[in-house]
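Report on the structure given below.
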Amino acid sequence: MIRTAVVLGHLGRVIVIVGVAMVSCLIWSLEGGEAAAGALAVSALVTVGSGLALVYGFPVREGINFREGFVLVSLGWVLASLFGTLPFVLSGYLPSFADAWFETVSGFTTTGASVVADVESWPKGLMFWRCLTQWLGGMGIIALFVAIIAGIGVRANQLFKAEVPGPVSEKISPRIRETARRLWLVYVALSAVCAALLYLLGMDAFDALCHTFTTMATGGFSTKNASIGFYRDPLIQWTITLFMFLAGANFALHFLALKQKSLGAYWRNAEFRLYAGITAVGALLVAWDLHCSGAVPGLEPLLRAALFQVVSVAT
């Protein structure tokens, strides 16, 4: 039996999370005096308002059951993507709902396909939202929901397993809500380190944040039409390659490695060894192909190009 009121109440909370995330994009639009600031403000207001209407209209006083968990995960993604189109449509930069829907779903699912031909012509607020959708989708909106919302009940475990990227067999915490919190903390911590490094290597704060969002989500959106090819600095490319690789691994392993203060947690894990092995073999094959074709001269540029491409595709 599916209790509609329970599902709607929890969906309202998911929508509120999306709306609050939109508010962060206003900082960049307001700073630059962008016309898109109004569209972002209205989008955030409509999204948060709709979410709160469901939260207070359908108050939840009990946990969810098995079927409701499936419905919540499925509809949560659909509604997040639906409300996520608002900044694009209302600003007029993607007036076609089909284009806005495509871009938003691509972002939240970290697929990376895009209908935007000239992203550099966009205002910063919209570019930030476009990249932020990937970061939210990287660890998962429902996983974030599990981490911050109390009172879900025993089915929080089902929601989490249906949402989090990759298998999480390691025992991090006996409580699934605490597990979700810790994985999100690792995700945020790695994102902070990545952003700091990119900033120190020459990106401005805006580009460093946006590329961190899409690197950690392994989605590939960029603020530049040429993507990372815009940045000629080898250290920037090596940094993004490293964090893409880390983001493609099991985040439970990152948590255990930090907890144990040892890299041994990675090597003892068969899944990680296979992942690293596939990446290494793939990079060597691509490097050999590039060498034979003469497309990339020099050993370091050859290895850098091969590893970047393989890690980007593999993740």
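Please list Ser74, Ser262 in order of solvent-accessible area, largest first, computed with a 1.4 Å probe with all protein chains present. Before the final figure, lay out the partial values.
Numbers: Ser74 70, Ser262 45 Å².
Listed by decreasing accessible area, they come as Ser74, Ser262.
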Counted charge near Trp238, where neighbours are those whose Cβ lies closer than 12 Å (Asp, Glu -1; Lys, Arg +1):
-1
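Give me the number: length gained by fully extending Ala35 to Asp289, i.e. 0.36 nm times residue separation minus the C-alpha to C-alpha distance, one decimal in nm. If you can, show how the numbers build up before the last one.
Numbers: separation 254, 0.36 × 254 = 91.44 nm, distance 4.77 nm.
The span from Ala35 to Asp289 would gain 86.7 nm if fully extended.
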Convert each backbone phi in segment 100-111 into a coupling constant with the Karplus relation 6.51 cos²θ - 1.76 cosθ + 1.60 (shift: θ = phi - 60°), then list the ³J(HN,Hα) values in order as whole Hz, x for Gly and Pro.
5, 5, 4, 5, 5, 5, 4, x, 5, 8, 6, 6
Please compute, for the alpha-carbon atoms of segment 217-294, the extent along each of the three principal axes and give them in descending order in Å.
41, 32, 20
Picking from Leu72, Leu285, Leu299, which is most flexible by a Gaussian network model of the chain using Cα springs under 10 Å?
Leu299
Between the alpha carbon centres of segment 60-79 and segment 1-46 the gap in Å comes to 19
Once Cα extents along the principal axes in Å is worked out from the coordinates, which option in [x] 64, 49, 31; [y] 55, 52, 41; [z] 66, 47, 39 does it equal?
[x]
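Quantify, in whole percent, the carbon and sulfur part of the accessible surface of the chain (1.4 Å probe; protein heavy atoms only).
Details: 9750 of 14550 Å².
Whole-percent figure for carbon plus sulfur exposure: 67.
For the chain, what relative contact order do you get, as a whole percent, if you take Cα pairs closer than 8 Å and at least 6 residues apart?
Numbers: 433 pairs, mean separation 47.9, N = 315.
Result for the chain is 15 percent.
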Could I have the simple spin-label model distance between Leu299 and Ala314, label points 7 Å from Cα toward Cβ, reported in nm to one decimal?
2.1
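Compute the accessible area per residue over segment 170-315, keeping the other protein chains in place, probe 1.4 Å, unit Å².
Details: 7450 Å² over 146 residues.
Value for segment 170-315: 51 Å² per residue.
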Sticking with the crude label model, points 7 Å out along Cα→Cβ, report the distance from Leu258 to Ser121 in nm, one decimal please.
4.1
For the chain, modelled as a Gaussian network with Cα springs under 10 Å, which listed residue fluctuates most, Phe272, Phe221, Phe245?
Phe272
How big is D for segment 62-119, in µm² s⁻¹ as a whole number, if Stokes-Einstein is applied with the Kirkwood radius of its Cα pairs at 20 °C and 1.002 mPa s?
171
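Given a Förster distance of 30 Å, report the FRET efficiency between Thr111 and Arg268 from their Cβ-Cβ distance, rounded to the nearest 0.05.
Details: r = 32 Å, r/R0 = 1.07.
Efficiency computed from Cβ-Cβ geometry: 0.40.
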Per residue of the chain, what 222 nm ellipticity follows from adding -39500 (n - 2.57) for every DSSP H run with n ≥ 4, rounded to the nearest 500?
-23500 deg cm²/dmol
Under the definition of Cα pairs under 8 Å and six or more residues apart, what whole-number percent is the relative contact order of segment 14-150?
31
The chain: Cys lacking any partner C-beta under 4.7 angstrom
Cys25, Cys194, Cys292
Please give the Cα centre distance for segment 259-277 versus segment 212-251, rounded to the nearest Å.
22
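The values are calculated or read from the model by the stated rules, or taken from the named source; none is laboratory data. Note that the coordinates shown come from a computational prediction; the quantities given were computed from them, not determined experimentally. In this analysis, Cβ positions are derived from the backbone assuming ideal geometry, glycine residues included, and neighbour counts consider all displayed protein chains. Ligands, DNA and RNA are excluded from the accessible area calculation, which covers all protein heavy atoms including side chains. Shrake-Rupley method; radii C 1.70, N 1.55, O 1.52, S 1.80 Å.
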